[in-house]
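Structure first, then comments.
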Amino acid sequence: MASESNIDFQKNLISIIRLSSSKESNVAANKWNDIPEALQEVKNHLGDGAAENIMKGIKMAEKNKEKESNDVDRASCKRKSENDAKLSVKKEETMLETGNRLIPTPLSHIPLKSLMDIEEELVYTDDEDISFEFAEPVGSTSTRSACRDSEKADALSAPNGSALPQIDKQLQTTLQEASTCYRQNNYTAAVEQFSTALELCSKGAAIDNPFESSPEDISSIASFIETKLVTCYLKLRKPDDALNHSHRSIILNPAYFRNHLRQAAVFRCLERYSEAARSTMIADYMYWLTGGTEQHISKLIKLYWQAMIEEAITTEESFSVMYTPFVTEVKADKINKIKDMFAKKHPDYVEHIYTDPHGLHILPQMARWPSLPPQHYLLTLGFRNKHIGKILERWSSRKLPIFSDRKAPFSPLTKEEAKRYWDNTGKKIVPVMDFIRSTKLTDNLCACSRGIEKLHYASLLGHLQRVEEQSQVINQAMAELATIPYLQDISQQDAELLQSLMADAMDTLEGRRSDKGRVWNKIQKIGLIEDYLYQVEDNYLKNKRLRTARMEKMKMKRTQSTQQHWSLGNTKLSLTSPKDMATQ
């Protein structure tokens, strides 16, 4: 018979997992309603049933939606009215301060101590209370109190009224030992215990009775263990070891905002500030999406996001940036004015000036998700290397991204070519692409663009035989892809592409099939062939114009020569006298 402490531990772990998963699926349900078929292939490849977890969570959330909607609506209306009032004041202040909407927006400095305090509060939470590891259910304070009272009254009662599944006893014991080690600051031992727990989960030993379990429960428990490993490795100052765990925690539970924050903390420790900024931006959005109402937490997340952007800008020497607010569509003449303004402010970065034509950049100062759409900005980049700027501008016009500028798309890429491309272009353009995404939540050309970019990058790392890095980048791409449906509405076509990318990424990690047939490689090959055909056409038209110009020139010369000959003949005739003509 289980002890009282074991029952409490199980009650906290499973009930909070269910509350969290129900809430996250409920608020994000509309993001997935249109794509159930597109998840089938992913479900077949993800052993923990992450895709089925999402779909089942949505169904369960729909049953509970009516019950919670009144409290949510009241809280939402209150937040909206307060934020609308604040926003109207802020708009007036912005107009007074700038006058002209084209004046760029500066970023303020966030001290390092503030970052450490934010991480201590949001990343390294108090593990004595496991419920801190999962989001609170949406609802009023009285509703949450009622839930807690109900849990205390009956340890075997789930939030939706169904019986809680019994955690596997060995897994339960292992997790308790791991948590004890963590609280005693014995992080090495905690890593060993959490790793053992993760191995038990992978073997199916998560729930005592498999018929009572759901993919939702198993996936959430696995995500919980992955995210605990992240915090342990961060405490041990081993961010490289934490990186893949942070990616996998998001793949298993993309709607939990702390998973994204922990990923951001790992990126910060690795000095990958642009990627840390993107993870924090997503965490801020997820916090609102899953019903987070505490302004204090949202403010801390935004400060962290702002600090990561600032670090990314100050540590990068190959390019400089400028953000310009805009309201309506910006036409070519205004973009030229923005480029002129950039050139005056950043005279050392004018080899090539590029303004992202697709806009939709968001800065933390103006990101107010619950009220109106946030203020959008144009991002202008100036480069010291003209080659990189031109490549970026050319790639930005594509619906589906590629990661190569090869001129011979029909021949296989050799290791020497891959190394040359990496040295000359790849390692210089990857930081630029990461920075662009640090303030760009969604993509209006293709929802999967960010994931495809990372998979192209992983493929190049594979050609360079950098296998460990390739694995990390693939996991990162899968985390990006798993998050997409929560960030924006996606079409059926995008959903099918998402399915194929996830399945092929999993196959690559598991060593199935060759790399040639991957979706992203097909996209790249088609893109390179298109480039090749466009180049052939351009060369043909250029040569045709040159031939036409030469022919016109030759024709003009012949005409001039004939005219001159005719003119000389007429002159000769006019100089001959009538007497000479008679003699002749």
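Annotations
- Qualifying position, being out of contact with any strand residue (DSSP E or B) (no Cβ under 7 Å at 6 or more places or on another chain) and under 21 Å from TYR323 (Cα atoms), among SER471, SER396, SER404, SER449: SER396
- For region 331-365, filtered to residues that are closer than 20 Å to ILE282 by Cα and at pLDDT below 90, the residue that is surrounded by the fewest Cβ atoms within 10 Å (Cβ to Cβ) is HIS358.
- Each residue in region 491-517 was checked for being buried (at least 22 other Cβ atoms within 10 Å of the Cβ) and either in contact with a Cys (Cβ under 8 Å, 6 or more places away or on another chain) or not in a helix (DSSP H, G or I) (or both), and 3 pass.
- Single unsatisfied condition, THR328 versus (1) among the polar types (S, T, N, Q); (2) buried (at least 16 other Cβ atoms within 10 Å of the Cβ); (3) out of contact with any strand residue (DSSP E or B) (no Cβ under 6 Å at 6 or more places or on another chain): (2)
- Subset of region 417-438 [hydroxyl-bearing (Ser, Thr, Tyr) and surrounded by fewer than 19 Cβ atoms within 10 Å (Cβ to Cβ)]: THR425
- Qualifying residue in region 231-247 (condition: surrounded by 24 or more Cβ atoms within 10 Å (Cβ to Cβ), among the charged types (D, E, K, R) and part of a helix (DSSP H, G or I)): no
- From ILE452, ILE402, residue being surrounded by 21 or more Cβ atoms within 10 Å (Cβ to Cβ), among the hydrophobic types (A, V, I, L, M, F, W, C), assigned to a helix (DSSP H, G or I) and on the phi < 0 side of the Ramachandran plot: ILE452
- The conditions of being at pLDDT below 90 and charged (D, E, K, R) are met by LYS544.
- Residues being over 18 Å from GLY389 (Cβ atoms) and of a type in the set (Val, Ile, Thr) - total across region 411-427: 1
- Filtering ILE523, ILE529 for residues that are modelled with pLDDT under 90, outside any loop (DSSP other than H, G, I, E, B) and under 23 Å from the mean Cα position of the chain (by Cα) leaves a single hit, ILE523.
- Among the residues of region 258-281, those identified as more than 16 Å from GLU469 (Cβ to Cβ) and open to solvent by less than 10 Å² (accessible area, probe 1.4 Å) are ASN259, HIS260, LEU261, ARG262, ALA264, ALA265, ALA276, ALA277, SER279, THR280, MET281.
The values are calculated or read from the model by the stated rules, or taken from the named source; none is laboratory data. Quantities reported herein were computed from a predicted structural model and do not represent experimental measurements. All Cβ positions, glycine included, derive from the backbone under ideal geometry; neighbour counts span all protein chains shown. Only protein heavy atoms, including side chains, enter the accessible area calculation; ligands, DNA and RNA are left aside. Shrake-Rupley method; radii C 1.70, N 1.55, O 1.52, S 1.80 Å.
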